[in-house]
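Input: a single structure, listed below in structure tokens.
What follows draws every value from the coordinates through simple rules; no lab data is involved. Since we're looking at a predicted model, the values are computed, not measured. Cβ placement follows ideal geometry from the backbone for every residue including glycine, while neighbour counts extend to all protein chains displayed.
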Amino acid sequence: MGMSRPIHYAAPMSGYCDFAPGHPLHGPYHDTEYGFPQRDESVLFERLLLEINQAGLSWETVLKKRAGFRAAYAGFDVDTVAAFDETDRARLLGDPGIIRNRMKVDAAIHNAQVIQEMRTSHGGFARWLDAHASEEGKPRDKASWVKLFKRTFRFTGGEITGEFLMSLGYLPGAHRPDCPVARKLARS
Ligand SMILES: [Zn+2]
């Protein structure tokens, strides 16, 4: 406390508010998606899938391939992806429109199956997130979220989990406080 800065929540994309606005790919994402809460299952699944696929690459690469991901992963329909078989796996691993990485493909399919189970256990992915958003009456911190994600999903390390949750407003820090989008989100 005191003079120390809250580096615990330093965004991997800090500086995003400076360079994203006006950029053909980053601009719309920054202005209308990044940090905005979402409830729709396929939107949440898409975000998780994109964050996982970003690992080792740039967010710009992922945004460039977004349409390719959408086509290859059945519009991010959880039931369709959860049922992908070996033929689908081979198709995905041969699709230059996405990131052809076996672990990332396997994670997408496995995580879709996990999200299916959340419908029964919690009433869906959004409600599962809500149910875990606080711990002992306080907002769950990043370290605790990461533990939870590691034991729930596949391919969700600290950076992926933190960025996924920040991008949905479950963790603070997506935008600089003086960013117009931060002010818009604070009002809503
Ligand atoms: Zn911003």
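Mind checking the full-extension length gain between D79 and A131? Use 0.36 nm per residue of separation minus the Cα-Cα distance, one decimal, nm. Working shown, then result.
Working: separation 52, 0.36 × 52 = 18.72 nm, distance 2.23 nm.
Result for the pair: 16.5 nm of gain on full extension.
Taking amide H positions as placed in the peptide plane 1.01 Å from N, state which residues far from Q38 in sequence (5 or more) or on other chains have amide H under 5 Å from it.
Correct list: empty.
What Kirkwood Rh does the chain have if only Cα atoms enter the pairwise 1/r average? Answer in Å. Kindly include the intermediate steps, with their values, before the conclusion.
Numbers: mean 1/r = 0.0578 Å⁻¹.
After inverting the pairwise mean of 1/r, the radius is 17.3 Å.
Which one of Q113, P177, N53 has its Cα pushed farthest toward the positive end of the charge dipole of the chain, where Lys and Arg give +1 and Asp and Glu give -1 at the Cβ?
P177
Relative to the Cα centre, what is the charge dipole magnitude of the chain, using +1 at the beta carbon of each Lys and Arg, -1 at the beta carbon of each Asp and Glu, and rounding to the nearest 20 debye? Can you show the working numbers first?
Working: 25 positive and 23 negative charges, 67 e Å.
Magnitude of the dipole: close to 320 debye.
Using the Karplus curve 6.51 cos²θ - 1.76 cosθ + 1.60 with θ = phi - 60°, work out ³J(HN,Hα) for each residue of the range 151-160 in order, rounded to whole Hz, and write x for Gly and Pro.
After applying 6.51 cos²θ - 1.76 cosθ + 1.60, I find 8, 10, 10, 9, 6, 10, x, x, 5, 5 Hz.
Relative contact order, percent, of the chain when contacts are C-alpha pairs under 8 Å separated by at least 6 residues?
On the way: 183 pairs, mean separation 54.0, N = 188.
Once divided by the residue count of the chain, the mean separation gives 29 percent.
Measuring from label point to label point, each 7 Å out along Cα→Cβ, what is the T120 to E60 span in nm?
4.5 nm
For a footprinting-style exposure proxy, rank T161, T80 by other Cβ within 10 Å, fewest first. Intermediate results must be reported in sequence, preceding the final value.
Working: T161 25, T80 14.
Lowest to highest Cβ neighbour count: T80, T161.
Most exposed first by the Cβ proxy, i.e. fewest other Cβ within 10 Å, how do K147, K65 rank? The partial results should precede the final answer.
Details: K147 13, K65 19.
By the 10 Å Cβ count, ascending, the order reads K147, K65.
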